[in-house]
Amino acid sequence: LEAGVPLYCDGLPVHGTWRVQPAVKLLDDGTGRQRMAYVALDDDDQFHLYRQIDAYNLEDVGKLRLETGEPIGANFLGAGGTGRLKLVFADWNGNGVADLIVGTPRHGSVPDPETGLPQSLGLPGAAVLFLENIGSNAEPIFKRPELFKFRGEPIFLGQHACGPTVWYPKPDADNPNPRTGLVVGQEEGRVMFFAREDLSP
């Protein structure tokens with residue numbers, strides 16, 4: 001790989017809160033074209049959507065919002081408590097629209113400081129959240145987040161942010177029906193697999 005270079009928006013480096021893994025996926029932009037969509041946390045510690053112009057430049061599309069019109073926040077702490085979320089685009093419910101899978105630290109508070117998950121449950125631990133896109137790939141709108149549960153029990157994974165991704169294995173002769181699921185890295189260095197059939201939502 002070549003050395004990393006900043007991404008720019010309106011001639012300025014794109015920046016926001018720290019330690020965030022952005023979600024990146026090729027999606028319909030509303031004009032019939034497929035363009036790379038990029039979601040990160042902005043300086044307000046809120047989910048923000050950009051679209052790729054070229055290898056170095058992004059177009060500012062604006063803050064992502066809930067079905068209520070409210071922006072989607074990330075934490076209830078300031079300064080060093082901001083950022084830290086791990087964002088992943090995935091069509092989790094199989095309807096052709098990209099949802100967001102979000103790994104949080106224990107103090108994560110998505111979508112707002114008062115009622116956000118997981119901290120409003122009493123700081124039980126880092127969690128993986130599902131934000132269903134009830135809009136479209138071109139104009140996403142999200143429902144309030146839900147905790148991922150394993151066989152009916154919420155998944156909590158320590159204090160520091162966990163890193164989820166969705167596993168879509170390819171079938172082969174030895175394994176014609178591989179198990180789709182959630183792969184999550186957590187603070188103790190373990191990588192955990194949760195089969196789709198054991199998870200809700």
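The values are calculated or read from the model by the stated rules, or taken from the named source; none is laboratory data. All values derive from a computational prediction rather than experimental measurement. Every residue, glycine as well, gets a Cβ built from its backbone with ideal geometry; the counts of neighbours run over all protein chains shown. All accessible areas refer to the heavy atoms of the entire protein, side chains included, with ligands and DNA or RNA removed. Shrake-Rupley method; radii C 1.70, N 1.55, O 1.52, S 1.80 Å.
Report, in debye and to the nearest 20, how large the dipole of the chain comes out about its Cα centre when Lys and Arg carry +1 and Asp and Glu carry -1 on their Cβ.
Values: 18 positive and 27 negative charges, 95 e Å.
Value, rounded to 20: 460 debye.
Keeping to pairs on different chains or 8 or more places apart, tell me how many lysine pairs in the range 62-201 have Cα atoms under 21 Å apart.
Details: K63/K86; K63/K143; K86/K143; K86/K149.
Pairs that pass both the separation and distance tests number 4.
Counting only heavy atoms of protein chains, what accessible area per residue, in Å², does the chain have with a probe of 1.4 Å?
On a per-residue basis, the chain sits at 52 Å².
For the chain, set up a GNM with springs between Cα atoms under 10 Å and report which of T17, T82, T180 has the largest fluctuation.
Its mean-square fluctuation being the largest, the pick is T180.
Need the C-alpha centroid separation for the range 81-136 versus the range 1-40, integer Å.
Cα centres, the range 81-136 to the range 1-40: 19 Å.
What nm distance separates the two modelled labels at L1 and D44, each placed 7 Å from Cα along Cα→Cβ?
Result for the modelled spin labels: 3.1 nm.
Would you mind computing the Rg to Rh ratio of the chain from its alpha-carbon coordinates, Kirkwood style for Rh? Each step should come with its number before you reach the end.
Details: Rg = 16.9 Å, Rh = 17.5 Å.
Rounded to two decimals, Rg over Rh is 0.97.
Of the accessible area of the chain, with the probe set at 1.4 angstrom, what percent is carbon plus sulfur?
Details: 5390 of 10500 Å².
C and S atoms contribute 51 percent here.
With the radius of gyration and the Kirkwood radius both derived from the Cα set of the range 77-118, what is their ratio Rg to Rh?
Details: Rg = 12.4 Å, Rh = 11.5 Å.
That ratio is 1.07, to two decimals.
So, how do all the Cα-to-Cα distances of the range 1-67 break down into 5 Å bins, in percent, from 0 on up?
4, 17, 25, 28, 17, 7, 2, 0, 0
Amide H of G158 versus every other amide H placed in the peptide plane: which residues, excluding those fewer than 5 positions away on the same chain, fall under 5 Å?
Excluding prolines and chain starts, which carry no amide H, the hits are A126.
Once both labels are modelled 7 Å past Cα along the beta-carbon direction, what's the E146-D54 spacing in nm?
4.3
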